[in-house]
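Novice: The following block contains the structure, expressed as structure tokens.
Read-outs: derived from the displayed coordinates by stated rules, not from any lab. All of these numbers come straight from a predicted model, not from anything done at the bench. Counting neighbours? That spans all protein chains shown, and the Cβs are built from the backbone with ideal geometry, glycine included.
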Amino acid sequence: MHPETRAVHVEAPKLDGAAPLSVPIYQTSGFAFDDAEVFADGLARPDGAFVYTRMSNPTVRALENALTDLEGGTAAIATASGMGAINATLRGLLRPGDHVIAQRQLYGSTYTALRAMAQRGEIEVDYVSGHDPDEVRKSLRDNTKVLYLETIGNPAAHVSDLPALAAVAREAGVRTVVDNTFATPILCRPIEQGADVVVHSITKYIGGHSDILGGVAVVADAELHRPLWSEAAELGVTPDPFAAWLAIRGLATLSLRMRQHCANAEVIANRLATHPSVASVFWPGLPGNPSHEIAKRVLTGGFGATFAFELNGGRAAGEKFATALRLAKFAPSLGGTETLVLHPASTSHRQLSGVELENAGVSPGMIRISVGIEHADDLVADLEQALDQV
Ligand SMILES: *Cc1c(COP(=O)(O)O)cnc(C)c1O
């Protein structure tokens, strides 16, 4: 069946023979037993009996099963945030002395997490553009264990050549981890293109309503399920059942929302591209975009709705624009129903030095927009009145 259908029919684990239409919220910290062996087995396995909610919970399991299915994996570990999934994955896959090849344009906290691990001497990291398989091949070392990519990069919406890069990694016995937050399984299923682990911030499009934090790691290879589960459970980054329930609720409308997000993004990207106050627009759907040809191969059904554009007038113009909006909010995060705008240089990427900003593709006048599902005309009117003030 199609993902649109599967996202609506999320199955609840049947514990008592009833079949509720909505997955029940098992708001409990633990479960009682009358058999010590079943109890012990549940503590030892990610798919054993439900024992303690930090390790497993039926509502959380329903979300994990739905995302495993949508991403085409074999198992998933839901987490309390996207960074929870990313850190549990990195810790599960890496040992001291290992080497990571990562894409240069990364979500800010992912970059700082990798940098911190490298500064503590735990791992070594090299960065690549994400466009060129030869660059990955040349960066490979004997101790390379992970290739880390984002389907659609943050903030400049660079699209990685997933099949080509993952093929190089696979040949060398290196695992490919892909952050699929910006694309969602509606626009891209990285496992089908060679990824070993797909991570998401559920906080964004999957949750979809700016009301929860959540994350997930979906694994292609069942062997990775237990180590990643064990990291997540021991780090204590597994989710609360209520947040998992809201994520399941969000999932039901994911495909509808993505269709509207992407359609609005197309209107806005095209309008911005012709505005005299805008120097450039980094939306992979625009024919002149450096990622356009790759995006046509890697994405299906849309080019995403979170992207950046560059204002004439640098940092001052960026700050002025962000605060002149009336409908779109100047706020962190993305992927909710409402349009949000961010000025990365002064907010999300403020930890980065000038050189690091340049490497990450962030310029002082850059604005990141997460296009919502409002009427496109209202959004265009708001963006134009703010541009007029810059
Ligand atoms: C938000 C985000 C994260 C981190 O997710 P949290 O839920 O905030 O922890 C990771 N990657 C990308 C691409 C994101 O947008």
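Novice: What is the ratio of the Cα radius of gyration of region 255-388 to 2.2 N^0.38 Å, where N is its residue count, to two decimals?
Specialist: Scaled against compact globular proteins, the figure is 1.00.
Novice: Measure off 7 Å from each Cα along the Cα-to-Cβ vector at ARG141 and LYS14, then give the distance between these two points in nanometres to one decimal.
Specialist: 5.3 nm
Novice: Can you give the Rg/Rh ratio of region 60-108, where Rg is from the C-alpha atoms and Rh is the Kirkwood radius?
Specialist: Using Cα coordinates only, the ratio equals 1.04.
Novice: Two-decimal Rg/Rh of region 132-283 from alpha-carbon positions, Kirkwood Rh?
Specialist: Ratio value, two decimals: 1.02.
Novice: Let me ask something else. Do any GluC sites (Glu not before Pro) in region 1-84 lie in a DSSP loop with no more than 16 other beta carbon atoms within 10 Å, and if so, which?
Specialist: Counting only loop positions with at most 16 other Cβ atoms within 10 Å, the GluC sites (Glu not before Pro) in region 1-84 are GLU11.
Novice: What does DSSP give for the chain in terms of the percent of beta bridges that are antiparallel, rounded to the nearest 5?
Specialist: If we restrict to bridges inside the chain, about 55 percent are antiparallel.
Novice: Quick one: among GLN105, GLN119, GLN260, which has the greatest mean-square fluctuation in a GNM of the chain with alpha-carbon springs under 10 angstrom?
Specialist: Maximum among the listed residues: GLN119.
Novice: Semi-axes of region 13-143's equivalent ellipsoid from the Cα gyration tensor, sqrt of 5 times each eigenvalue, largest first, rounded to whole Å?
Specialist: 38, 18, 13
Novice: Tell me, how many Å apart are the Cα centres for region 286-318 and for region 65-95?
Specialist: 27 Å
Novice: For the chain, just list the percent of Cα-Cα distances falling in each 20 Å bin from zero outward, please.
Specialist: 29, 56, 14, 0
Novice: Sequence neighbours fewer than 8 away in the same chain don't count; with that in mind, list the lysines whose C-alpha is under 18 Å from LYS329.
Specialist: Within reach: LYS204, LYS320.
Novice: Restricting to bridges with both residues inside region 4-160, how much of the DSSP beta-bridge set is antiparallel, in percent to the nearest 5?
Specialist: Around 15 percent of the beta bridges assigned by DSSP in region 4-160 are antiparallel ones.
Novice: Once both labels are modelled 7 Å past Cα along the beta-carbon direction, what's the GLU192-SER353 spacing in nm?
Specialist: Each label point is offset 7 Å from its Cα along the Cβ direction, giving 4.3 nm.
Novice: List the residues of region 197-220 whose backbone N lies under 20 Å from a point placed 7 Å from the Cα of ALA331 along the Cα-to-Cβ direction.
Specialist: From region 197-220, the list is 201-215.
Novice: If each of ALA44 and LEU256 carries a label point 7 Å out from its Cα toward its Cβ, how far apart are those two points in nm?
Specialist: Between ALA44 and LEU256, the label points sit 4.6 nm apart.
Novice: How big is region 79-164 on each of its three principal axes, counting only the C-alpha atoms and giving the largest first in Å?
Specialist: Principal-axis extents of region 79-164 (Cα, largest first): 32, 28, 20 Å.
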